[in-house]
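Read-outs throughout are calculated quantities, based only on the coordinates presented, and are distinct from any laboratory measurement. Since the model is a prediction, treat every value here as computed from it, not as a measurement. Virtual Cβ from ideal backbone geometry, glycine too; neighbours counted across all protein chains shown.
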Amino acid sequence: MSEKWLRTGEVAEAAGVNAQTLRYYHRRGLLQEPQRSNGGHRLYSPETVVLLRVIKAAQRLGFTLEEVADLVETGRHRHGRSDGGLQARALVKLAEVEQKIEDLQTIREMLVQALDAGCDDLVACAASSCCPLPFSDLTEGQEHVEVN
C-alpha cells in the first residue's frame, strides 16, 4: 500500500471529527468504501479529509446531513455539468435562513416588549390585557372558564 493512505484515526483528526462520526458518515453513504490493509484496517485516501471538511462546512451553512448526502451524490454523478444542483439548493436554504431570521426578529421584538411591560409572571402576564406576548389572545374570552 502507498504511504498516502490514512487510517480512520488519522482521517478523523485531520478533518476535525471523531472516529465515530467518520464511521457514521460511511454507513450513511457519504464516504466511499475504504480500502483495507493486510491487517484489516480501513484505509482512506487524503481526499476523504477534504470531503469530511466539506460535509462539516455544509452542515454549518444549515444543510441537513440528508441534504449534504444528496449534494455529494449529485456531485459524484454530474461529471462537470452545471445543472445548478448546489445553486438551486443554496437558494432554497437562503430563503429558509431569511425566514428564520425574520421569525427570530419577531420573537426578539416580543421579548423586548415583554421586558418593557415588566412581565414577571407568565400566568399573570397572560391574563393581563396589556401583555405583549402572543399567548395573550389565547386567554381572551376565557374569563369564565372554571378549572377543576
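Kindly state, to the nearest 0.05, the FRET efficiency for ALA19 paired with GLU47, given R0 = 22 Å and r defined as their beta-carbon distance.
About 0.75, to the nearest 0.05.
Which of ALA58, THR8, THR48 sits farthest toward the positive end of the charge dipole of the stretch 1-83, with +1 on the Cβ of Lys and Arg and -1 on the Cβ of Asp and Glu?
Working it through, the farthest residue towards the positive pole turns out to be THR8.
Could I have the simple spin-label model distance between LEU65 and ASP120, label points 7 Å from Cα toward Cβ, reported in nm to one decimal?
4.6 nm
I need SER129, SER37 ordered by Cβ neighbour count within 10 Å, fewest first.
With the fewest neighbours first, SER129, SER37 line up as SER129, SER37.
If we count other beta carbons within 10 Å of each Cβ, what is the order of LEU104, LEU22, LEU133, fewest first?
Ascending number of Cβ neighbours within 10 Å: LEU104, LEU133, LEU22.
Could you list HIS26, HIS77 so that the one with the fewest beta carbons within 10 Å of its beta carbon is first and the one with the most is last?
Placing the least packed residue first, the sequence is HIS77, HIS26.
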